[in-house]
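Below: the structure, in structure tokens.
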Amino acid sequence: MDRFIDSIEWIAAFFVGIVALNTFLAVFMRKFFSITIPDYYNFGQFLLGILIFWGIAATSYRGTHITVDLVWANASPKYQRWIDVFATLVLLFVVTVQTYTLFDKVADTRASHIVTMDLQVPVWPFFLVSWIGDVSAVLLIAIRTYRLIFHPDLMHDPKIKTVE
């Protein structure tokens, strides 16, 4: 299971690199050669969307995203676990609904035959890759929920120090 989780994190990291490369090449080519890469802006938007959904998948399992929770930080470990389980169940519900609605967007975009302006590249595959990232987020949140409830010793959450 940890290999699956790590692979999703590597996919998210790959898309960070792709977005950075797209931006760098567009700026470099425009600045030094006065050449604009066709559809670079559209590709940048779509890749950023993909990055966001895969990033949600990567951060939702580890719980290493930025959080500010004074109640959790001052609760006993028993209540911290209850809060974690409740919060993860809410997150699971929200991301599941998001995944369902995003699939409708993928299907509608494919049926509409929407393409990019310059190269006429179909848009729906970008939406599909985003949706797969969202499905991965649902799977990882479900794994996190299961582990929080039945095997909390398998969780690798960072320890947060309370403010004194």
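Give me the extension gain from Trp82 to Tyr41: residue separation times 0.36 nm, minus the current Cα-Cα distance, reported in nm with one decimal.
Computed gain between Trp82 and Tyr41 is 10.3 nm.
Enumerate the whole-percent occupancy of each 5 Å bin, from 0 to the last occupied one, for all C-alpha pair distances of the chain.
Percent of Cα pairs in each bin: 2, 8, 14, 16, 15, 13, 11, 8, 6, 4, 2, 1, 0.
Longest span of the chain, sites excluded, free of trypsin sites (Lys or Arg not before Pro) in DSSP loop with at most 11 other C-beta atoms within 10 Å?
The answer is 1-158.
Roll a 1.4 Å probe over the protein chains and send me the accessible area per residue for the chain in Å².
Solvent-accessible surface per residue comes out at 66 Å².
I want to verify a result. In a Gaussian network model of the chain, Cα cutoff 10 Å, which of these has the top mean-square fluctuation: Phe103, Phe15, Phe86?
Top of the fluctuation ranking is Phe86.
Can you tell me the dipole magnitude for the range 11-164 around its Cα centre, using point charges on the Cβ only (Lys, Arg +1; Asp, Glu -1), in Debye to the nearest 20?
Its charge dipole is roughly 280 debye.
Could you sort the peptides 128-134, 94-100 by per-residue average Cβ neighbour count (10 Å cutoff), highest mean leading?
Sorting 128-134, 94-100 by mean packing, highest first, produces 128-134, 94-100.
The values are calculated or read from the model by the stated rules, or taken from the named source; none is laboratory data. Since the model is a prediction, treat every value here as computed from it, not as a measurement. Ideal geometry is used to build each Cβ from the backbone, glycine not excepted, and the neighbour counts take in all protein chains shown. Protein only, heavy atoms only, side chains kept; ligands, DNA and RNA dropped before computing areas. Shrake-Rupley method; radii C 1.70, N 1.55, O 1.52, S 1.80 Å.
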